[in-house]
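Participant: Just passing along the structure, written as structure tokens.
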Amino acid sequence: MPVVRVVTSHEQEFSDFMAGAAPRLARTAWLLCGDEHLADELVQQALTRTYLHWRTARGRDPYAYARRTLANLRVDTWRRRRREVLVAPPDLPETASDARADQHAERDVLVRAFATLTARQRRIVVLRHLVGLSEREVADDLGVSVGTVKSTASRGLAQLRSVLGAADATPESSTPHPTTRSTDARRQR
């Protein structure tokens, strides 16, 4: 007699959530660690924990629950391993045959910009501005003061503006990058 597995609405609901959330979580995980394989592991662990606590997660915002779990898992690995290196991927080919070449080029610029940050700057910028944690939460998670979070985030964002502004500068265009305009305006005040 064959065994028939009945999928419950709870399992189907989580499967639907997972299908939509996994790609977004993978991007966040990659920005946090810079390693595709480690990012995949973090996403799997975060989704497993979200599933185990699905009753709690679905009552709130399941994506926020999974994203926070992902960030906590990454912070745990930082605590275990104090040193890491973010390696930028090799150059993209000069000519791309697909229609998404511009997207790939923009992604390459962003990856290279994040690679210029120190490990601490990258952690704080990603947790604060991508994951959306408060300054206090980031400070508690990383074991540093709120002042350290503020100053490190400020230096990291300035570095990103500088790198992205330089990457955007072309001989044909004298218009500054949108992220540098606000900085220039503040300097003039």
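Participant: Scan the stretch 79-107 for residues that are at pLDDT 75 or above and closer than 19 Å to D40 by Cα and jot them down.
Facilitator: R107
Participant: Sticking with this structure for a sec: Say whether the condition of being among the hydroxyl-bearing types (S, T, Y), assigned to a helix (DSSP H, G or I) and over 26 Å from A105 (Cα atoms) is met by at least one residue in the stretch 160-169.
Facilitator: Within the stretch 160-169, none of the residues are among the hydroxyl-bearing types (S, T, Y), assigned to a helix (DSSP H, G or I) and over 26 Å from A105 (Cα atoms).
Participant: Working only within the stretch 111-124, note down all residues that are surrounded by 15 or more Cβ atoms within 10 Å (Cβ to Cβ) and either touching a Phe, Trp or Tyr at 6+ places or on another chain (Cβ under 7 Å) or over 15 Å from N72 (Cα atoms) (or both).
Facilitator: Within the stretch 111-124, V111, R112, A113, F114, A115, T116, L117, R120, Q121, R122, R123 qualify.
Participant: Just to verify a result, which residue in the stretch 139-149, among those that are modelled with pLDDT of 90 or more and closer than 18 Å to L73 by Cα, is nearest to the chain's Cα centre (by Cα)?
Facilitator: Among them, the one singled out is A139.
Participant: Take the conditions exposed (fewer than 13 other Cβ atoms within 10 Å of the Cβ), modelled with pLDDT under 90 and of a type in the set (A, V, I, L, M, F, W, C) and apply them to V75. Does it pass?
Facilitator: It is false that V75 is exposed (fewer than 13 other Cβ atoms within 10 Å of the Cβ), modelled with pLDDT under 90 and of a type in the set (A, V, I, L, M, F, W, C).
Participant: Run down L47, L31, L52, L110 and say which single residue is of a type outside the set (G, A, S), at pLDDT below 90 and not assigned by TED's automatic domain parsing to the domain that holds G143.
Facilitator: None of the other options fit; the residue is L31.
Participant: Any chance you could count how many residues in the stretch 56-80 are within 12 Å of D141 (Cα to Cα) and basic (K, R)?
Facilitator: Summing the residues that are within 12 Å of D141 (Cα to Cα) and basic (K, R) in the stretch 56-80 gives 3.
The values are calculated or read from the model by the stated rules, or taken from the named source; none is laboratory data. Because the structure is a prediction, the values reported are computed rather than measured. Glycine gets a Cβ as well: all are built from the backbone with ideal geometry, and neighbour counts include every protein chain shown.
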